[in-house]
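Peer 1: Below you will find the structure I want to go over with you.
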Amino acid sequence: MNIATIGVEDWLNVHEKSATVDIAQSTIASLTMDEILKLDGTDGQGFYEQLGREKMNYGWIEGSPEFKQEVAALYQNVDPENILQTNGATGANLLALMTLVEPGDHMIAEYPTYQPLYEIPRTLGAEVEYWHIQEELGWQPDIAELERLMRPNTKLICINNASNPLGTVLPRETLEQIVEIARSVGAYVLSDEVYLPLEDTDRFVSMADLYDRAVVTNSISKTYSVPAARIGWTVSNAEVADRIRTYRDYTLICGGIFNDALAVHVLKNRERILERNRAIVFGNRAIAQAWIDAEPRVRWVPPKGVSTSYIQLDIPMDDEEFCLKLLSERGVLLVPGSRFELPCGARLGYCAQEETLREGLRLLSEALREFD
């Protein structure tokens, strides 16, 4: 199998360890283990007492009953039996696409966005057409274009809600239109929902709660600030879940006793995490907005309460060349927009620790002044 390199991952694999000021990541400032253990007020005593009684075998292959119940609580009407634990949302997307896509299938992918959502189907032999996000629509796609792209044999529509790296969110009205279009030909919808919006929550709905032929992927990495656990999940109907189980046996087996327990602990205490993370998202976005308002060479569509954002740069230089120069001369890490097939700009991980964000923006302004 010959698959394209994931541009953003290749960039981070090469460069993130050499950065001294990292404002490229898309996680809300990661929690320390001490912070995680203090979430329930016991300083980890209950968590470690439970682990002390566990045999370090494979554990629950699909995720423990407690894990499935906690994930099911994130949705309105999801059967825990149809929730499968995965290796992060990355593993969830891979399993879902391996399950749904066959050579010759026609599929439509929101574009540009997280690269695996269209590269994996292409590698599996599907004919992939792009449903373009448009800057003039606030980095939203046009539903009329989706209608034009649909065929009677369209197998799958892939969306990323919220969008990586743009931080934009498809509103409920758009999702309902997608469902209507997909249902007209019996297509599946894969919705990567790893970024949960922390504002206008009444306007956000999971595709899992709208459409029986939806497959939703998520994890505790981004919104819940624990990427180290490498725990994600798929939500689907029973028929698709049974098919995913086969691919899990080839690619994962299980998430492991410790990681499952950690994920359960995080999800049980999610309201405390979300309270902490709302403060980071809203506070840091205000800092970034004030900086952009004063920075003539930068503009953005503000992210909708999610931890990833995209800034456009007015510079007479290729964005990748600029980001390399910024890293080598000032130690600041961004991800070039070209790694997402977006126009000259960069992914800004504005949900870093506040002092890191402020220093990164200060040094970024220094670099931009060289073009004045």
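Any read-out appearing in this document is the output of simple, stated calculations on the displayed coordinates, not a laboratory observation. The model shown is predicted, which means the values in this text are computed figures rather than measured ones. Every residue, glycine among them, receives a Cβ derived from its backbone with ideal geometry; neighbour counts consider all protein chains shown.
Peer 1: Give, as a single signed number, the net charge of other residues whose beta carbon lies under 11 Å from the beta carbon of LEU313, with Lys and Arg counted +1 and Asp and Glu -1.
Peer 2: Local net charge: -2.
Peer 1: What is the calculated FRET efficiency for LEU324 to ASP372, with r their C-beta to C-beta distance and R₀ = 25 Å, to the nearest 0.05?
Peer 2: 0.75
Peer 1: I've got another one for you. Among LEU95, LEU267, LEU51, determine the one that fluctuates most according to a GNM of the chain built with springs between C-alpha atoms less than 10 Å apart.
Peer 2: LEU51
Peer 1: Tell me, what HN-Hα J-couplings in whole Hz come from the Karplus equation 6.51 cos²θ - 1.76 cosθ + 1.60 at θ = phi - 60° for each residue of region 40-45, using x for Gly and Pro?
Peer 2: Per residue, the Karplus-derived 3J(HN,Hα) values read 9, x, 10, 6, x, 4 Hz.
Peer 1: Could you give the length gained on full extension between TYR250 and GLU81, defined as 0.36 nm per residue of separation minus the Cα-Cα distance, in nm?
Peer 2: 58.9 nm
Peer 1: Right, here's the next one. If you average over every viewing direction, what projected area does the convex hull of the Cα atoms of region 148-296 give, in nm²?
Peer 2: Mean projected area for region 148-296: 11.8 nm², to one decimal.
Peer 1: With Cβ to Cβ distances under 11 Å as the rule, what net charge do the other residues near MET207 carry (K, R +1; D, E -1)?
Peer 2: -3
Peer 1: So, with +1 on the Cβ of K and R and -1 on the Cβ of D and E, and no other charges, what is the size of the charge dipole of region 43-269 about its Cα centre, to the nearest 20 debye?
Peer 2: Magnitude of the dipole: close to 640 debye.
Peer 1: If you don't mind, another one. Per DSSP helix of 4 or more residues, -39500 (n - 2.57); summed, then divided by the residues of the chain. What does that give at 222 nm, rounded to the nearest 500?
Peer 2: When only DSSP H runs of four or more count, the value is -12500 deg cm²/dmol.
Peer 1: How many nm separate the modelled label positions at THR201 and VAL14, each set 7 Å beyond the Cα in the direction of the Cβ?
Peer 2: In this crude label model, THR201 to VAL14 measures out at 4.0 nm.
Peer 1: Starting at the first residue of region 350-359, write each ³J(HN,Hα) from the Karplus equation 6.51 cos²θ - 1.76 cosθ + 1.60 with θ = phi - 60°, in whole Hz, x for Gly and Pro.
Peer 2: Along region 350-359, the couplings run 6, 9, 5, 4, 4, 5, 5, 4, 4, 5 Hz.
Peer 1: When DSSP beta bridges are limited to those with both residues in region 43-269, what percentage is antiparallel, rounded to the nearest 5?
Peer 2: Rounded to the nearest five, the antiparallel share is 35 percent.
Peer 1: Further question on the same structure: Please tell me which of these pairs span more than 22 angstrom C-alpha to C-alpha: LYS222/LYS304; LYS17/LYS325; LYS17/LYS304; LYS222/LYS268?
Peer 2: LYS17/LYS304
Peer 1: While we're on this one: For region 1-59, take N as its residue count and report Rg(C-alpha) divided by 2.2 N^0.38 Å.
Peer 2: 1.78
Peer 1: Find me the longest stretch of the chain that has none of the exposed trypsin sites (Lys or Arg not before Pro), where exposed means in a DSSP loop (not H, G, I, E or B) with at most 14 other Cβ atoms within 10 Å.
Peer 2: The longest such stretch corresponds to 56-372.
Peer 1: Please report the base-10 log of the normalised intensity I(q)/I(0) for the chain, using a Debye sum with one equal scatterer per alpha carbon and no solvent, at each q in 0.08, 0.09, 0.10 (1/Å).
Peer 2: For the requested q values the scattering log ratios are -0.40, -0.51, -0.64.
Peer 1: Moving on. At 0.36 nm per residue, and after removing the present C-alpha to C-alpha distance, how many nm does the segment from ASP209 to ARG362 gain when stretched out fully?
Peer 2: 50.8 nm
Peer 1: List the longest stretch of the chain that has no exposed loop site; here a site is one of the GluC sites (Glu not before Pro) assigned by DSSP to anything other than H, G, I, E or B, with at most 14 other Cβ within 10 Å.
Peer 2: Between exposed loop sites, the widest span is 55-340.
Peer 1: Between ARG272 and GLN50, what length in nm is gained on full extension when 0.36 nm per residue of separation is reduced by their alpha carbon distance?
Peer 2: Length gained between ARG272 and GLN50: 77.8 nm.
Peer 1: Quote the relative contact order of region 252-369 in percent (integer), defining contacts as alpha-carbon pairs under 8 Å separated by 6+ residues.
Peer 2: Averaging sequence separation for qualifying contacts and normalising by length gives 24 percent for region 252-369.
Peer 1: So, one more: Using +1 at the Cβ of each Lys and Arg and -1 at the Cβ of each Asp and Glu in the chain, identify which of TRP233, ALA162, VAL264 lies farthest towards the dipole's positive end.
Peer 2: Of the listed residues, the answer is VAL264.
Peer 1: Just to confirm a number: summing +1 for Lys and Arg and -1 for Asp and Glu over residues other than PRO197 whose beta-carbon lies under 11 angstrom from that of PRO197, what do you get?
Peer 2: Around PRO197, the charge tally is -1.
Peer 1: Over region 43-269, what is the relative contact order in percent, taking alpha-carbon pairs closer than 8 angstrom and at least six residues apart?
Peer 2: Answer for region 43-269 is 28 percent.
Peer 1: In whole Hz, with x marking every Gly and Pro, tabulate ³J(HN,Hα) for region 201-210 from phi via Karplus 6.51 cos²θ - 1.76 cosθ + 1.60, θ = phi - 60°.
Peer 2: So the Karplus estimates, Gly and Pro as x, are 5, 6, 8, 9, 9, 6, 4, 4, 8, 10 Hz.
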